[in-house]
Structure formats: structure tokens, C-alpha cells
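Novice: Quick one: this structure, given as C-alpha cells, is what I'll be asking you about.
The values are calculated or read from the model by the stated rules, or taken from the named source; none is laboratory data. All of these numbers come straight from a predicted model, not from anything done at the bench. Don't worry about glycine lacking a Cβ; one is built from the backbone with ideal geometry, like all the others, and counts go over all protein chains shown. Areas reflect the complete protein model, heavy atoms only, side chains present, ligands, DNA and RNA absent. Shrake-Rupley method; radii C 1.70, N 1.55, O 1.52, S 1.80 Å.
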Amino acid sequence: MMNISSDTKKTNTVQVLIVEDEYILALNLQESLESLGYIVVDIADTAEAAIAKATVLRPTLILMDIRLQGEADGIQAAEKIWHDLQIPIIYVTGHSDQSTVERATLTFPFGYILKPIREQELYVSIQTALNRYEREQFLSTVLRGMGDGVIVVDTQLHIKYINPVAETLTGWQLQEVQDQILDQVFPIIDEQTRLPVANPIRAALEQENIVYLSDRTLLITKDQKTIPIADSAAPLRDNNGKISGAVIVFRDDTQRRLTQERNLAHERARQLEIQMAEVKRLNQLKEDFLAATSHEMRTPLSNIKMAITMLENILDRRRIVQSGKPPEVNAVARYINILRSECERELNLVDDLLNMRFVDADIYPLELTSIHLQDWLPHITESFEEFAQTQQQILQIDVPPELPNIMTDLAILTRIVSELLTNACRYTPLGKLITVTAQLTTTLNYVNLQDESSDVKIPGVEIIISNFGVEISPQEQSQIFEPFYRISQNQNQDKSSIFDFNYQGLQNESALNSSTGLGLALVKKLVEYLQGTIAVTSSQGWTRFTVQLPLTLPESSD
């Protein structure tokens, strides 16, 4: 990977649309672009899709493959997009024959990259295209701005042209001022101090960039009247890139200032309404996206799971177990078990990913139930006792009988405790102790009292799951709730192949064999969703996960 030490602020605002009908190549191109700091807004694989996405997304730049699926190719799509949207396009193709290049050239592309693509060439082509586009847009802006006053000067500030609007505003005619020094025709002063202001054209020539006039600037006309103006100045370059002069575009700013002051209060109210509507729209989009994603991600895996079940039924009907050769029978049964186990693991991964997104979007379903921990905790740990016994682990539960009920979401709390018990069983050595305890505590909660935020202690419950025989280093403790992070004691476990005959793991304990690397990350989000906290400590051979939850969920401050 190359290291581009460019202006990251510039690249990370460049939005790129990829048009490529080979999905793998499109993903590789997306990865390269993102590593260079660009934003990939979408991927299209047909000319029609490219035009539609460009119209909606309005990207900064388009990388266009010439050969695409469908009747229209990339050249036709590029021609349509440039004509309608004026978005710069770089062709990315493996075809460099003369006829293709000639057709592409007729559409005035901003670059042409041959496959395979190297990141350095990609970066240089994009930056070159953007620089060229910016220059052309600047010249186009000057032409479109003829409704404002326009004055063009050479490098010595001799006036070469002023348009009719500039003549009206300054009081000078072109034939009167041609070849005169700009300062004599365009004197400007500060509105408050009435002192002369440096002409922005000088700064534009020195800085070789566009320069804007400060607010509250006045133009002194030929008849010594003053007009509030707003303007900008920019250098002009010849075909060789050498600065050949500058242009200043300005307008009478009187009406704008009056309108701005008169409508300020109204504009603030309108912007607030727009923001509220946008927040509502974004929330609806998040809900729609998550609902669609949930279906599209789970359906293929559910079909695979159903196919595995059907395969088992077919094999059972044919009585392969009785008629086949024992080694073959064992192999078939073993591979079916592998299919089922891996399918379950992928389903769990999808569920965890979706649940994390639901929590982030604040649309995770929440149903409050009164839970009697003295009865509920022993019931939850029953499913773990058999495995603990096979591993010669000791599982102990200690819940005070006087502990009050907790009002919270039963399904979420079950997922939290089950995940923590799963980790305890997975990492506890043979013959060591696992404990589950609960006790009353106080929880720090932030509430709004007479429009002032205060720290208030509210009653809560503390559930502690501890296991002996393994410690987590302070560095790992700081990372343990990150997605896909696994502590070092378990990293070697994943290196064996599931197709090795020595591979055993926890095949018959799906709850303990389906680690996705998202468990603790999801647990933390769920605990916080219940307005609680979770912490991990590890010392003297003990590792403890402490979950603090309020006895009753406080009302939201929103």
C-alpha cells in the first residue's frame, strides 16, 4: 500500500461513484480509494444505473468502466452524465485499442486509466482530474457571473475589460478606463473606519488563489458616492499554466444586507424546522435500511440451514447409516455437522451485527418485565451446568433472598448474562471455579432538575460473573469490548481446521461454540441500552465482569 502524504482534508471530502460490472474489481477499487482517503458513495454495474446514481448522489468524481453490462456502454453513460450533470469522469478500462480511445476522447474525459490499476496512478489521475475540473469550473463561474460587475486586469493591474454592470456600479465607461491602473477606478474603503482597503486582486495574484473581500466594504464611485459591495478576485492562467492576469467579480450588496437583517429571525426558525424534519427523515431511513438488511442477510443463511435439514432427512430415509460403509457414514455425518455448526455461527454473526445496528439506531425492541433474580439467575445457569461438569468446572450461584425485583427487559438481560457465562465457561481451566452473584448497589444517573444537570445516585442491582484460573492483562481489558477482539488465550484455538479429524471444540454445545467476536461488544451496547454500566477487572487469578443496572429504567431525558 502506498502512503500518500497529501492534504487529507481535501481527499476525504471527495466523493467517488464507481461504475464497474465486475464485482470483485469494484470492491478492490473501492478499497484502494478508501485507503487514499476518498469516499466511495456507491457502485453501479450498468450505464443506466450509473446515470441514475449520479443524478441522485451527485458525486465529486466518477470512475467509469467502458465495457458494461446492458445495451449502453460506459462512454455513452459518461456522455449523458457530463451533458446533464457536469460531473468529471475518469475512464478505467482494460481496453486500449485505437477505436475505443478515439470514442472515449470525444466525450472529453478527465483521465484514462488502464487495468490493472496501481494506487499511485489512481491517486495522480484523480487529483489531476479534480484540479482540471476546478479550473474549468472557475472559468465557467466567471462567464455565468456576467450579471455581476466584472473587471479583468493584467499582471500589472492595468484594466483590460469591464462589463456593463461594472460600468454602472463604478460610474466609469470602458473606453475611459482601459489600460488605467485598477486603484484609480476601483477604490474601496472599510465601512467603519473609512480607511482604504487593499484590493483583493493584489492578494489573488500574490497567493495565486481566489480571495474574497471582507464584509462591510464600500466602493467609491466616479461621482464620489459609496456603495456596499461584496466581491471576490481570482488569478487567470494561460494554456501553459502561467498567471496572465486576474479578474474581480463584484455586486451591490445593499439589498442583500437589508434582506439578511430583516429575515434573520425567520431564517433561524425555518432552519430549525428543516433540521427537525431531516432528523425524522434520517431516523426513518435508518429503520427502513435495518429492516431491509435484516431480511437480505438472514434469508440466504436460513435457506442453507433448511437445505441441511432436508439433506439429513434424505440420508435418513435411504438408511445410509445401516447400508453404507461405516467410514463413509461417519464422514457424511461429520461433514453435515460441520455445515450445521458453521451455518449457525454465521447466523449468530448476522444477528449480532444487526442487533448492534438496531441498538445504535435506538430502535431495538424494549419490553419491560419485573424479574425475580432469586429464581431467574439459577434458571439461566442450568443450561451451563452440564458443560461445566464435563469440564470439571465448579459453577456456584449466590443471590440474596431479600433482593428486590428488577424492572428491565428480560430478553436483553438474558442475552447479557448468557454471553458472560459462555465466556466464563470457555476460558476457565479444568477444575476451576465460576461464580455468579447479585447484590444491591447504587448507580450514578444523570437527570435534569430545573434545567440543570446533576449527579444522582439511584438504587440498582449488581450482577457479577467471575471465573478463576485466567487473567486478562490491562491492555487487553481496554480492548475487550471492541468488535471482533479476542483475548490471547483463545487466539490459537481458531488456527486448527474444522476439517481435521482431531477437531472437537464444543460441537455439541452450540451456545459455547458460536463465538463471533462480537459478543462482548454487543453486551456492552445492550447494557448501556438498559442505562447500565459494565466493567471488567482481573487480578490474583480472578476475572470479574460487573454489570450494574437500575432497579427501574429511568425515563429518557429526550
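Novice: Check THR100, THR105 and return the single one that is surrounded by fewer than 21 Cβ atoms within 10 Å (Cβ to Cβ), over 19 Å from THR46 (Cα atoms) and modelled with pLDDT under 90.
Specialist: THR105
Novice: Right, next: Do the conditions hold for LEU63, that is, is it closer than 25 Å to GLY241 by Cβ, hydrophobic (A, V, I, L, M, F, W, C) and surrounded by 14 or more Cβ atoms within 10 Å (Cβ to Cβ)?
Specialist: No.
Novice: Within region 383-411, can you find the residues that are crowded, with 20+ Cβ neighbours inside 10 Å and either out of contact with any strand residue (DSSP E or B) (no Cβ under 7 Å at 6 or more places or on another chain) or assigned to a loop (DSSP other than H, G, I, E, B) (or both)?
Specialist: GLN393
Novice: Moving on to the next point. Identify, from the list LEU433, LEU403, LEU444, LEU395, the residue that is at pLDDT 80 or above, within 22 Å of LEU530 (Cβ to Cβ) and not small (Gly, Ala, Ser).
Specialist: LEU403
Novice: Looking at region 192-221 only, could you name the residues that are more than 28 Å from ARG135 (Cα to Cα) and open to solvent by less than 90 Å² (accessible area, probe 1.4 Å)? So that I can check it myself, show each step before the final result.
Specialist: Step one: of region 192-221, the residues more than 28 Å from ARG135 (Cα to Cα) are 192-196, 216, 218-221.
Hits for region 192-221 are THR193, LEU218, LEU219, ILE220, THR221.
Novice: Please determine, by comparing only the residues of region 222-257 that are open to solvent by 70 Å² or more (accessible area, probe 1.4 Å) and under 41 Å from the mean Cα position of the chain (by Cα), which one is nearest to ALA166 (Cα to Cα). First the steps, then the outcome.
Specialist: Start the filter on region 222-257 by keeping residues that are open to solvent by 70 Å² or more (accessible area, probe 1.4 Å), which leaves 222-225, 237, 239-240, 242, 251-252, 255-256.
Next, only the ones that are under 41 Å from the mean Cα position of the chain (by Cα) stay: 237, 239-240, 242, 251, 256.
Details: ARG237: 22, ASN239: 27, ASN240: 29, LYS242: 26, ARG251: 8, ARG256: 18 Å.
Ranking the candidates gives ARG251 first.
Novice: Among the residues of region 425-442, are any of a type in the set (Val, Ile, Thr) and assigned to a helix (DSSP H, G or I)?
Specialist: Taking every residue of region 425-442 in turn, none turns out to be of a type in the set (Val, Ile, Thr) and assigned to a helix (DSSP H, G or I).
Novice: Which residues, taken from region 171-206, are more than 19 Å from VAL150 (Cβ to Cβ) and not in a loop (DSSP other than H, G, I, E, B)? Please lay out each step first, then the result.
Specialist: If we filter region 171-206 for residues that are more than 19 Å from VAL150 (Cβ to Cβ), which is where we start, we get 189-198, 206.
Those that are more than 19 Å from VAL150 (Cβ to Cβ) and not in a loop (DSSP other than H, G, I, E, B): ILE189, ASP190, PRO196, GLU206.
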